[in-house]
Each structure stands twice: as structure tokens, then as C-alpha cells.
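**Q** Dropping a structure here in C-alpha cells format, bear with me for questions.
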Amino acid sequence: DSVAQGRRLKCSLCTKVLKKIQALAGDDPDESAVQAALKKGCRALGRSVGKKCQKLVSKYQEQISEGLQNGDLPQDICAAIGICRS
């Protein structure tokens, strides 16, 4: 059904976005490294994905930032904010 499809799409988008941001932030990022990566990461994904990325990042910025600083996996962060099933 379309709800599940929408959720799956968002889940894969979320993990894709966070993998990109995680790569930009580096191995042991502090808050400023994560913030810089959040800004750059969405732009690096192109225009259409970038817009969705920005919505995601602005809505869940604290959780994403915290998760990345804790070294959580993108899949786990996306599950923690309720986008992916854990």
C-alpha cells in the first residue's frame, strides 16, 4: 500500500542522507562538525533530494546531531526518530 511505500521511501532517504552527512562529519565529529555536515550534506544530494533532506534535517536536527556525535548508525538514528522500523 502507498503508506508503506511512502515510509520505505522515507526510510531509505533518511539512511542515504545520514550516511552522506556522517561521511562529511568525519569519524568522531563534534557538534560544529555535525552542523557543517548537515548544511553541506543536503546540497551534495542534488536539488530534489536536497529539499527533502533539508526538511528532514530541520525537523530532526537535534536527534540527528546527537546520534552522529554518539557514533550511532544511520539506520539506528532513522529508527530512533520514527522514520525507519527498528
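The values are calculated or read from the model by the stated rules, or taken from the named source; none is laboratory data. Keep in mind the model is a prediction, meaning the values are calculated, not measured. Note that each Cβ is placed from the backbone with ideal geometry, even for glycine, and that neighbours are counted across all protein chains shown. What goes into the accessible areas is simple: the full protein's heavy atoms, side chains included, and nothing from ligands, DNA or RNA. Shrake-Rupley method; radii C 1.70, N 1.55, O 1.52, S 1.80 Å.
**Q** Give me the residue from the stretch 37-52 that is open to solvent by less than 40 Å² (accessible area, probe 1.4 Å) and free of Cβ contacts under 8 Å to residues at least 24 places away in the same chain and, out of that set, nearest to the chain's Cα centre (by Cα).
**A** G50
**Q** Would you please list the contacts, defined by Cβ atoms under 9 Å and residues six or more apart or on different chains, that run from a residue in the stretch 9-36 that is touching a residue at least 60 places away in the same chain (Cβ under 8 Å) to a residue that is in a helix (DSSP H, G or I) and open to solvent by 30 Å² or more (accessible area, probe 1.4 Å)?
**A** K10/K52; C11/Q75; C14/Y60; C14/Q75; T15/Q75; L18/Q75
**Q** Could you tell me which of the residues K55, K19 is surrounded by 13 or more Cβ atoms within 10 Å (Cβ to Cβ) and at pLDDT 90 or above?
**A** Going through K55, K19 in turn, the sole match is K19.
**Q** A further question on this structure: Give the stretch 55-74 a look and list any residue that's in contact (Cβ under 8 Å) with a residue 12 or more places away in the chain and under 19 Å from C84 (Cβ atoms), or say none.
**A** Listed by number, the residues that qualify are L56, V57, Y60, Q61, Q63, I64, S65, G67, L68, G71, P74.
**Q** Residues that are surrounded by fewer than 15 Cβ atoms within 10 Å (Cβ to Cβ) and at pLDDT below 90: does the stretch 64-80 have at least one?
**A** Looking through the stretch 64-80, none of the residues is surrounded by fewer than 15 Cβ atoms within 10 Å (Cβ to Cβ) and at pLDDT below 90.
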